[in-house]
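Below is one structure; the comments refer to it alone.
The values are calculated or read from the model by the stated rules, or taken from the named source; none is laboratory data. Predicted, not measured: the structure shown is a model, and the values here were computed from it. All Cβ positions, even for glycine, are placed from backbone atoms using ideal geometry, and neighbour counts span all protein chains on display.
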Amino acid sequence: MKMAADVGVIGTGVMGSNLARNLAGQPGIRVAIYDRDVERARAVAAAHPEAEFLVAASPAELASMLHGPRVAILMVNAGPATDSAIGDLTAVFEPGDIIVDGGNSLFTDTIDRGKQAEQSGVEFVGVGISGGEVGALTGPSMMVGGTEAAWRRLRPLLEPIAAKAEITPPETDPEEVPTPTPAEALQTSSAREPETAGEPCIAHVGTDGAGHFVKMIHNGIEYADMQLIAEAYALLRDGAGLTPGEIAEVFAEWNEGELESYLVEVTAEVLAHTDPVTGKPFVDVVVDSAGAKGTGAWTVKTGLDLGAPIATIAEAVFARSLSAATMLRESGRTLDGPRPSAAPSTGSGHASAGTGSDDGSAGSRSAGTSAGTITAGDRAADVETVRQALFAGKILAYAQGLHEIAVGAREFGWDTDLGEVARIWRAGCIIRARFLDRIADAYAAQPQLSSLLSAPYFRDSLNDTQQSLREVVVAAAEAGIPVPALSSALAYYDGIRAPRSSAALVQGQRDFFGSHTYGRVDRPGTFHTLWSAGRSEVEL
């Protein structure tokens, strides 16, 4: 009698094999694995005998290994490979079986695939999985799309393998909490629940493509977060004159406070690393051209389609594009402007912040700007100014991403709880950060919050830090340090707080050359001015 498995995993690359090992490590769970490269699947099983994987040589054999109703998780490349794997499984699965796509698929593709799978009676579920290969093995953050019925079936399987976030009570004003009497304290202590492993970072975020949509926005925020951190590094190095080692210490210290996050922690590690070959700081031997995958661009394109303003995320994506535009950057080497003097030349042939003008001079510098100075020239003050600017930028980037999720949920009819989204991002995923607790609390207190920036904590934090954001943007412009993400974050902040925008003129222009009409502030209706016929106004 053939042994039955509880779940199948298709695709045994690093992510797939690690997720399969995570599943196999759960009590009472047997995992079958399949890969078109059958030998690779067999090698994974041989390398991890403790997992007791069943290895299938074909989709049909995988189906025969799974007890019904079947569950199979795809961990293959997005695009044609996913479509091919779905086709293979729907040919051998039965109505009521579930196919889970755990890859980084475009959410609109997930919606379409769900409709196609529905014709065969097979349930299709898109799950955004964040945390990389380590998270897949030790516990990722998971954003589940699909029907409520599918979620009920998948939850017992997926929840145990999710990352666990520390359970933290909501932030409370100490003055509002009465001091308990000794008897009350004893009673509370004796009644306290036993310690748990934490809250699983998994949630049902909506139907059809919602899981992949939320994961896409997660990655867009990740782009912005990384770019903001990189710009803070540039300000500290090129503006304040700190070395990579010194900046590593700054980031390590920042990671103990309100900026605590996985990405700030990683930044400190990278900057502290020394290249073993040259003895130079590791960051100085890396070519300054950043790679990118589809999710960042998808976030920006979708934001444009939805009319959701996500300028900081967009600038982060474009910054990577500019970094990789070698010929374009070469053409800028002879352009005039201030040049920071702190950073070394990379030797990559790209325009470098550390290179001077072609005649060997340091290049022209704006009046009032000196090398190694961001604001007042006091190093401790400069570091604190950059810290506050970075914190403001991060708040604004997260606010933009969450707003895009809210707009998308309305557009596609998803019941997506933004507080739940923040909760499941607290562990396992790349953008996990301390202030996600604050975000979750904000939406718990006001589920219909129009913007994260309306929540008291974030409103007050921005009021406290916006001046530092202004100062670093001005100083960066004077020093010739490109800070597109910080600059766009400031423009977004000023744009949403402006009582009246310049869009009134834009509408006037549109009406002049294209008869696009406009509204009036003094009465309702839609109007057009007859610009070429006496400029009289007509109501449409």
Within the range 472-483, is even one residue of a type in the set (D, E, K, R) and in contact with a helix residue (DSSP H, G or I) (Cβ under 7 Å, 6 or more places away or on another chain)? no
Does any residue of the range 288-299 turn out to be in the same structural domain as A316 (by TED's automatic domain parsing), touching a strand residue (DSSP E or B) at 6+ places or on another chain (Cβ under 8 Å) and not basic (K, R)? no
Quick one: in the range 377-413, which of the residues that are assigned to a helix (DSSP H, G or I) and at pLDDT below 95 is surrounded by the most Cβ atoms within 10 Å (Cβ to Cβ)? D382
Restricting to the range 483-540, name every residue that is outside any helix (DSSP H, G or I), charged (D, E, K, R) and surrounded by 10 or more Cβ atoms within 10 Å (Cβ to Cβ). R520, E537, E539
V125: in contact (Cβ under 8 Å) with a residue 40 or more places away in the chain, out of contact with any Ser or Thr (no Cβ under 6 Å at 6 or more places or on another chain) and closer than 21 Å to I217 by Cβ, yes or no? yes
Return the residues of the range 287-303 that are of a type outside the set (G, A, S), touching a residue at least 24 places away in the same chain (Cβ under 8 Å), surrounded by 13 or more Cβ atoms within 10 Å (Cβ to Cβ) and closer than 27 Å to M327 by Cβ; say none if nothing qualifies. V287, D288, T295, W298, T299, V300
Looking at D464, is it over 23 Å from the mean Cα position of the chain (by Cα), in the same structural domain as F318 (by TED's automatic domain parsing) and within 22 Å of W254 (Cα to Cα)? yes
I need a count of the residues in the range 438-454 that are part of a helix (DSSP H, G or I) and either assigned by TED's automatic domain parsing to the domain that holds A162 or under 15 Å from V421 (Cβ atoms) (or both). 8
Tell me, which helices (runs of 4 or more DSSP H) wholly within the range 198-314 include 1 or more residues that are in contact with an Asp or Glu (Cβ under 6 Å, 6 or more places away or on another chain)? 210-234, 262-272, 294-306
Which of the residues that make up the range 428-437 are surrounded by fewer than 21 Cβ atoms within 10 Å (Cβ to Cβ) and assigned to a helix (DSSP H, G or I)? D437
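Do any helices (runs of 4 or more DSSP H) lying entirely in the range 1-91 carry at least 1 residues that are within 32 Å of the chain's Cα centre (by Cα) and either basic (K, R) or farther than 14 Å from G103 by Cα (or both), and which ones are they?
14-24, 38-47, 80-90
Conditions tested, residue by residue: (1) assigned to a helix (DSSP H, G or I); (2) crowded, with 16+ Cβ neighbours inside 10 Å.
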residue	(1), (2)
R113	yes, yes
G126	no, yes
I129	no, yes
L137	yes, yes
V144	no, yes
A149	yes, no
R152	yes, no
P160	yes, yes
Given the criteria at negative phi, of a type in the set (A, V, I, L, M, F, W, C) and either surrounded by 14 or more Cβ atoms within 10 Å (Cβ to Cβ) or outside the structural domain of E94 (by TED's automatic domain parsing) (or both), does A57 qualify? no
Within the range 505-528, considering residues that are basic (K, R) and out of contact with any strand residue (DSSP E or B) (no Cβ under 7 Å at 6 or more places or on another chain), the one farthest from E539 (Cα to Cα): R510
So which residues in the range 115-131 are at pLDDT below 95 and closer than 14 Å to A85 by Cα? Q116, A117
